[in-house]
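> Sharing a structure with you now.
The values are calculated or read from the model by the stated rules, or taken from the named source; none is laboratory data. Bear in mind that the values here come from a model prediction, so they are computed numbers and not experimental data. Backbone-built Cβ (ideal geometry, glycine too); neighbour counts: all protein chains shown. The protein model used for the area step is the full one, side chains on, heavy atoms only, and it has no ligands, DNA or RNA in it. Shrake-Rupley method; radii C 1.70, N 1.55, O 1.52, S 1.80 Å.
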Amino acid sequence: MEANSSREREARNYLEKHRIMELLNYLTSSLLFYQPDKPREYLISLLERLRIAKVTGVTFPFFMDDSNIVAMFEMMDSSNKGTISFVQYKEALVTLGLCTADEVLKDDENGITLDKFKQEVNKRTQEIWSAF
């Protein structure tokens, strides 16, 4: 029994160290966002662009630009209050693969503004790719 838990711990540590789950979340989110006709070729192309970006230091190929982030925020802010709830904010980050469901985030109970949402999406995206 202990051998299994040791093996599981090793596997979990490996995945965390190399941020494999974040990579897979990003690839899946991108695949669902664009829904290409040839998904395998698309994923290969995306991984190649990520490799080139890492080697050359150019910007990583993000699938969410500011207009997409604004559109997502506006869909969640259906009453046009200028803020979304913390629950909506966290669910959006999970959906985008920028946060895990069990990750603990600080809720200041003031609501999340568009600026804060854009800043956090961009920051988390950059953090994920800086590790690769």
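> Based on Cα coordinates alone, diagonalise the gyration tensor for the chain, multiply each eigenvalue by 5, take square roots, and list the semi-axes in whole Å, largest first.
For the chain, the ellipsoid semi-axes come out as 28, 22, 14 Å.
> Right, something else. In the chain, how many lysine pairs have Cα atoms under 26 Å apart, counting only pairs 8 or more places apart or on different chains?
Final tally of qualifying lysine pairs is 19.
> Carbon and sulfur: what percent of the stretch 19-128's accessible surface (1.4 Å probe)? Could the numbers behind the result be given before it?
Numbers: 3880 of 7070 Å².
With neighbouring chains kept in place, the figure for the stretch 19-128 is 55 percent.
> Run the helix sum for the chain: -39,500 (n - 2.57) per DSSP H stretch of 4+ residues, divided by residue count, reported at 222 nm to the nearest 500 deg cm²/dmol.
Computed mean residue ellipticity for the chain: -21500 deg cm²/dmol.
> What accessible area per residue comes out for the chain, rounded to a whole number of Å², with a 1.4 Å probe?
About 69 Å² of surface per residue is accessible.
> Oh, and also: In percent, what relative contact order does the chain have, based on Cα pairs under 8 Å that are 6 or more apart in sequence?
Averaging sequence separation for qualifying contacts and normalising by length gives 29 percent for the chain.
> Just name one of A11, I112, Q88: the one whose Cα is farthest towards the positive end of the charge dipole of the stretch 1-119 (beta-carbon charges, Lys/Arg +1, Asp/Glu -1).
Looking along the dipole axis, the top candidate is A11.
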